[in-house]
Amino acid sequence: FLQVLNEKKLQEVDSLWKEFETPEKANKIVKLKHFEKFQDTTEALAASTALVEGKLSKNLKKILKKIVAKDAHEQLAVADAKLGGVIKEKLNLSCIHSPMVTELMRGIRSQIEGLITGLPSREMAAMCLGLAHSLSRYKLKFSPDKVDTMIIQAISLLDDLDKELNNYIMRCREWYGWHFPELGKIITDNLTYCKCVRKVGDRSNFASSDVSDILPEEIEEDVKAAAEISMGTEVSEEDINNIIHLCDQVIEISEYRTQLYDYLKNRMMAIAPNLTVMVGELVGARLIAHAGSLLNLAKHPASTVQLLGAEKALFRALKTKRDTPKFGLIYHASLVGQSNTKNKGKISRMLAAKTALTIRYDALGENTSAEMGAENRLKVETRLRLLEERGIRRISGTGKALAKADKYQNKSEVKVFDPSGDSTLPVVSKKRKIQEVDEPDTEVAMKAKKFKAEMKEGTAVEDGEPVKKKKKKKGKEKQAEEEEVLTEELPSSPVIEVR
């Protein structure tokens, strides 16, 4: 504890650093009032961690009680506002925290050797370094089995190896394909192809070579038959040696990749066993690498876990006002792959929710068993099975409760008989019936009129007199008289036209 001697100089915050340029100037501003020594590094670490977390340690509480008893009216300058609040609450001591206090603390740290006498600088530096290492190790909660940095590096290296292996294998197939192109179609497995090329070399050696330890008997016969009639070009021995060296590289990288995958699987089971059970070691490792650490991943909600890896598609969809993606890296999990296209979105959402729980359990829980992950995986599998089969069970906390049937309500409706459905004849309107009755009468009248006119023409021709056409007199009465005459002269027998 240091006591401020000249409070007026503390008001000038910008020039306060000038007062701590030398130990002599610093002793004019502050002086040592109380010094308490730690017994060992463990006690110092406990006090430091309490200060970092804003808590009041036991030793600090005892010292402050002594100071309160002597100088209760004085203000206590603290570098952490949270710690100041705790001191004020528990000890009722007035605390101050401001930019001036921050500058004062910086000046005291720069001249701490001159303010506290009797401590050699070399020992002071060694103690500070040891305490800093201990504090950093405590902050990281250092444990060799709980370092997720190794997982991030391993999954990144695994992806790089896959890319390099693909490039090497394609180059090897294309290079040796100039010499023996038929071999690439017969042997589809890349590693087997490289092993076969490394063992045989030139295609002319296939007839005398035994590759039964690499290839099945049927494929071996096909390869030997194709080697005799191959259309490939001849290559030199130096070319074959380079191709064999490339095959060696491919086989070595493949073996190292297998070893790295086993290492990654073991590390994932040690660090995040529940996450590994839920989504697999590869997807879990990629989620941790994408978030930066397991603790950062535990801070993400389930919706973010579901879309991790699809950020570009998400923001593009939001910008263009289209449908947002339903899954990111979690799409490669086995449970999402088992579901059909219609249910992939539902399963990925539920899987992300359960995965978020398992991540938090792995990151913050003390238990290292994978029981929670197995239980949640069983729930997701039950949900998937119900969606696929369209079962009658509803999803609940256990996934076993039966669905509640809705109460049956009888709705009676009185139906009236429709007699129009009995007749099979087409329906004809009344207007059409009247027209059909009137049409025969008019036809008969027209035929009678025509017959009378022809009879008059016949009589006039016989007498030798020319026929003169008479003008028609219009009028309702004239038409009525003519119709009456025609009806009287009509014979009872059917009308026969005479020409």
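The values are calculated or read from the model by the stated rules, or taken from the named source; none is laboratory data. Quick caveat, the model's predicted, so the values are computed rather than measured. Quick reminder, even Gly has a Cβ in these numbers, built from the backbone with ideal geometry, and neighbours come from all protein chains shown. Side chains included, ligands, DNA and RNA excluded: accessible areas come from the protein's heavy atoms. Shrake-Rupley method; radii C 1.70, N 1.55, O 1.52, S 1.80 Å.
Pick from region 238-294 the residues that are more than 12 Å from ILE151 (Cβ to Cβ) and of a type in the set (Ser, Thr, Tyr): which of them is most open to solvent (accessible area, probe 1.4 Å)?
Filtering region 238-294 for residues that are more than 12 Å from ILE151 (Cβ to Cβ) and of a type in the set (Ser, Thr, Tyr), the one most open to solvent (accessible area, probe 1.4 Å) comes out as TYR256.
Per-residue answers, yes or no, for (1) modelled with pLDDT under 80; (2) in a helix (DSSP H, G or I); (3) open to solvent by 90 Å² or more (accessible area, probe 1.4 Å); (4) of a type in the set (S, T, N, Q):
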{"position": "GLU43", "(1), (2), (3), (4)": "no, yes, no, no"}
{"position": "ALA50", "(1), (2), (3), (4)": "no, yes, no, no"}
{"position": "GLY54", "(1), (2), (3), (4)": "yes, no, no, no"}
{"position": "ALA69", "(1), (2), (3), (4)": "yes, yes, no, no"}
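If I ask for residues that are part of a helix (DSSP H, G or I) and open to solvent by less than 50 Å² (accessible area, probe 1.4 Å), which ones from region 214-237 would you list?
Result: GLU220, VAL223, ALA226, ALA227.
Out of curiosity, is LEU32 under 16 Å from GLN3 (Cβ atoms) and either assigned by the TED database to the domain that holds LYS8 or out of contact with any Pro (no Cβ under 6 Å at 6 or more places or on another chain) (or both)?
When the stated conditions are applied, LEU32 passes them.
Restricting to region 341-361, count the residues that are farther than 15 Å from ALA302 by Cα and either modelled with pLDDT of 90 or more or touching a helix residue (DSSP H, G or I) at 6+ places or on another chain (Cβ under 7 Å) (or both).
Within region 341-361, the subset farther than 15 Å from ALA302 by Cα is 341-344.
Pick out the ones that are also either modelled with pLDDT of 90 or more or touching a helix residue (DSSP H, G or I) at 6+ places or on another chain (Cβ under 7 Å) (or both) and you get 343-344.
Qualifying residue count for the region: 2.
Report those helices (runs of 4 or more DSSP H) wholly inside region 301-374 carrying at least 1 residues which are within 10 Å of the chain's Cα centre (by Cα) and surrounded by 19 or more Cβ atoms within 10 Å (Cβ to Cβ).
Output list reads 302-307, 344-364.
Just give me the residues in region 259-291 being hydroxyl-bearing (Ser, Thr, Tyr) and closer than 15 Å to ALA352 by Cα, in sequence order.
THR276
Could you say whether any residue in region 403-419 is at pLDDT 65 or above and either open to solvent by less than 100 Å² (accessible area, probe 1.4 Å) or outside any loop (DSSP other than H, G, I, E, B) (or both)?
yes
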